[in-house]
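*Asks:* First the structure, which I've put down as structure tokens, then a few questions once you've had a look.
The values are calculated or read from the model by the stated rules, or taken from the named source; none is laboratory data. What you see is a predicted model, and the numbers here were worked out from it, not measured in a lab. Positions of Cβ are generated from backbone atoms using ideal geometry, with glycine treated the same way; all protein chains shown enter the neighbour counts. Only protein heavy atoms, including side chains, enter the accessible area calculation; ligands, DNA and RNA are left aside. Shrake-Rupley method; radii C 1.70, N 1.55, O 1.52, S 1.80 Å.
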Amino acid sequence: MAESVKNLAFSKRVLKPWYTAFLISVIYSLVGGAWIFFSEPVLSKWIVDPETFRTSKIISQWIFIVISAQLLFLLIRRRELAFINSEESLHRVNRALRVFSECKKATTWDSDEFELLRKICRILVALGGYRLAWVGYASDDEEKNVKMVAQWGYEDGYLNSLKVNWDDSVYGQGPAGTTLRTGQSVIVRNIMSDPKFTPWREMALAQGFVSAISLPLRNGNQVYGVLVVLAAEVDSFDSEEASQLEELIDDLASRIRVIHSEAAQKKVKEEKLLLAKVIHQASEGVLTFDQDARVQYLNPAWEKICGVNVKDVVGNTLHELHCAQRNDDFYRAVKQVIKTGEASTGQYQNVREDGTQYKIQANISPVVAEYSDVTRYVAVIQDVTHETELEEQLRSVQKMEAIATLAGGIAHDFNNILAAILTNTELILDDLPEGNPLRDHLEIVYQAGCRGKSLVKQILTISRQNTPERKPVMVGAIITECLDMLRASLPSTIEIHKKIAPNLGLVAADPSQLHQVILNICTNAADAMEDQGGGVLNLSLEELMVTSRHDNNHAGLYPGSYLKLSIKDTGHGMDRETVDQIFNPFFTTKGLGKGTGLGLSVAHGIIKSHGGLLNVESSPGQGTEFHIYLPKIYCVDETPMVDDGLIVSTGHEKILFVDDEPALVFSGKKMLEKLGYEVVASTDSREALELFMAHPASFDLVITDQTMPHLTGDMLAREILKVRAEVPIILCSGNCPSDRTGLSRGKSRAIGIEEFMSKPYERREMSQVIRRVLD
């Protein structure tokens, strides 16, 4: 296009002026010569009179001058008009050349689609001399609107109110809509008279638009946009100019295709880079390998999870790697995927080079390219060791909850059975004279019942899941209970030695939490000794006085008196690195599935919450010793029940005794009557309430079971206290007092219940509680 424009400009600028001047001189010479040679013979032939001939000759010369002057004027005027037209044409050609040159620059360098379109519109208006240029894209919406994407020029709100479609409606019959539908350029030579411009004629003429052209933007055979150019002159777009604009719009469409292609390639490249970064930074391990099992890539997460180095793995086959040979199950799964081409998912127990075990969730699958060809394979793994441990912990917690539920469920019935055994045994022993051979047998029964009572109490204490309830406790008694429980579960190769100093006093603690701490530490010690065939477990309890907070051996303890519990084993011991981590949550030296790593962390938290300290001393081959420090208490509101030995208190008051178990009612009534009391007994709580309401002033004490049909013990107590607020009530229960299935001491006292007794109770225990309430 540029070459043809240059040739045209040369012909109009150089050849045309020379050719026109030569033509004028030739025509003037021919006319003048013809007149000179032929005018006089013609006149002499027609005019005979000499005078007339002379006059005619003068007139002929004048006529020649006039005619030659007119002819010269016409020729010169024609030359002038031709020159003017040539200048105008040259100006248009130069303008087209500048427009094409600037558009060529824009389409060469601009990489932003809409900025390029806006620049093309600006060039057409600023350099092309047109009044307005705009570009619209075809929308695929229901109305098939034409969306304006770029514009330049004078429009004074014209485009904002312009409604253009590319459907068959009246708004789709204009040049833009027609071009989008047909793919052909449309020229409107005069907007005033062209019917296609009817919907927009008034607005266009008001803006000074007189002619227009619309040109298609194509991508292959698909027309997706239109360039509309409006001019201020009639018939501004001849065939030559339209051809030049069509060539321009083709270059523009070609550049837009390149921009789209570059943008797509850039997006693909960015997505690949992003995907590579995601894989590189992912917490899941990723490894790719080919059909020969040769490793092509692995990310840092794979290195961390499996404990390998990328330099030692990439480029080698899995058959050659020690990590694959160590983890045979996972390696076989990889070979199976290569053989069958089918994806595989599973969990595998693996071992690192340093011997540590870990568990992974792996997904191994082929990577399928086009035409269903397998190009490589990928293995994605996730370290689920922690999750597995949490699952084990959850199962352990659920197991403990099940034990607690079972213990709470059977405690009431089992304690009722023990209560009946103990009470009736005591009654029979009272009636048998000394020396009777049956007394020895009954003593054994009674002792067995007491042991059963103690066992149920310990199980409930360990298994209960209640909010910690601190109270004055004797640590020595808790140690004894824990060792009694441990003795049955530890192998005979482990000896247990206990040393408890006398008169140590009390600490404020939750008994079940102290049970948990002592049992956990002792169990760990037993595991350490069992690995080497046996050993000795030593427990000692003594008093310690801390004089300064800066004491290095007791850092963190306030000055004061403490009870120090030491638990020492003769196991394999621990190195310093292990000692520094044993109180960290989830840290364990045991194998997978043999520990959650929470026991010592929880123990540490329990002792710390009690205002105490838990530390450890250990070295390899020298065993381990834990030290627990608990602050002593001196003035307390609640003191432990004092054991008065075999003292049995008696009385003569009237007691209402209520229990839904007939055996307990029978034995309980007999026991109380032997103590001197007048007893009214009932197995129905509703009946008992009626008995009380009939004669409320006649009863000095009410003893009631908690778990009963119709009215529970606390419900019965509330009704009785409504009638007579000062009557003392003792509540008995086969459940532990703070068990979630029972009633706590605090709640009992809030109701107005004076005392709480746990079944099975002994006669002396019951007699002492009765006197404490009545006296």
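*Asks:* What percentages, rounded to whole numbers, describe P(r) for the stretch 240-302 computed over all alpha carbon pairs with 5 Å bin width beginning at zero?
*Replies:* 4, 14, 12, 12, 10, 9, 8, 7, 6, 5, 5, 4, 3, 1
*Asks:* Treat the stretch 120-195 as a sphere of radius equal to its Kirkwood radius over Cα pairs and apply Stokes-Einstein at 25 °C in a medium of 0.890 mPa s; give the translational diffusion coefficient in µm²/s, rounded to a whole number.
*Replies:* 184 µm²/s
*Asks:* A further question follows. What accessible area per residue comes out for the stretch 286-344, rounded to a whole number of Å², with a 1.4 Å probe?
*Replies:* 54 Å²
*Asks:* Moving on to the next point. With every protein chain left in place, what is the accessible area per residue of the stretch 649-775 in square angstrom, probe 1.4 Å?
*Replies:* Per-residue value: 41 Å².
*Asks:* Tell me the net charge near HIS710. Cut-off is 11 Å between Cβ atoms, HIS710 excluded, with +1 for each Lys or Arg and -1 for each Asp or Glu.
*Replies:* -2
*Asks:* Turning to a different aspect of this structure: Would you list TYR761, TYR154 from the most to the least accessible area, probe 1.4 Å?
*Replies:* Ranked from most to least accessible, the order is TYR154, TYR761.
*Asks:* Still on this model: For the stretch 652-710, which whole percent of the accessible surface, found with a 1.4 angstrom probe, sits on carbon and sulfur atoms?
*Replies:* Roughly 55 percent, rounded to a whole number.
*Asks:* Which links in LYS105/LYS147; LYS471/LYS722; LYS277/LYS311; LYS499/LYS564; LYS453/LYS498; LYS119/LYS147 stretch past 22 Å when you go from one Cα to the other?
*Replies:* Checking Cα-Cα distances, LYS105/LYS147; LYS471/LYS722; LYS453/LYS498 exceed 22 Å.
*Asks:* Compute the Rg/Rh shape ratio of the stretch 265-353: radius of gyration over Kirkwood radius, all on alpha-carbon atoms.
*Replies:* Value, to two decimals: 1.00.
*Asks:* A follow-up question, please. From a point 7 Å beyond the Cα of ASN219 in the direction of its Cβ, which residues of the stretch 150-179 have a backbone N at a distance under 17 Å?
*Replies:* 150
*Asks:* Right, here's the next one. Can you compute the modelled spin-label distance between ILE444 and VAL26, with each label point 7 Å from Cα toward Cβ, in nm?
*Replies:* Distance between label points: 15.7 nm.
*Asks:* Moving on. First select every other residue whose beta carbon is under 9 angstrom from the beta carbon of GLU625; then total the charges, Lys and Arg +1, Asp and Glu -1.
*Replies:* In short, -1.
*Asks:* When a/c is below 1.5 the answer is rounded, else prolate if a/b is larger than b/c, else oblate, so apply that to the stretch 189-298 with a ≥ b ≥ c taken from the square roots of the Cα gyration tensor eigenvalues.
*Replies:* Since a/c reaches 1.5 and a/b is larger than b/c, the shape of the stretch 189-298 is classed as prolate.
*Asks:* Okay, next question. Using a 7 Å offset from the Cα along the Cα-to-Cβ direction at both VAL723 and THR578, what is the distance between the two label points in nm, to one decimal?
*Replies:* 6.7 nm
*Asks:* I would also like to ask the following. Once the whole set of protein chains is in place, how much accessible area is left on TYR629, using a 1.4 Å probe, in Å² to the nearest 10?
*Replies:* Here the residue's solvent-accessible area equals roughly 10 Å².
*Asks:* Roughly speaking, to the nearest percent, how much of the stretch 184-249's 1.4 Å accessible area is carbon and sulfur?
*Replies:* Of all accessible area on the stretch 184-249, carbon and sulfur atoms account for 48 percent.
*Asks:* Averaged per residue, what accessible area in Å² does the stretch 111-248 show with a 1.4 Å probe, protein chains only?
*Replies:* Normalised by residue count, the accessible surface of the stretch 111-248 is 46 Å².
*Asks:* Once R0 is set to 56 Å, what does the formula 1/(1 + (r/R0)^6) return for the Cβ-Cβ distance between ILE63 and GLU233, expressed as a FRET efficiency to the nearest 0.05?
*Replies:* Once rounded, the FRET efficiency stands at 0.80.
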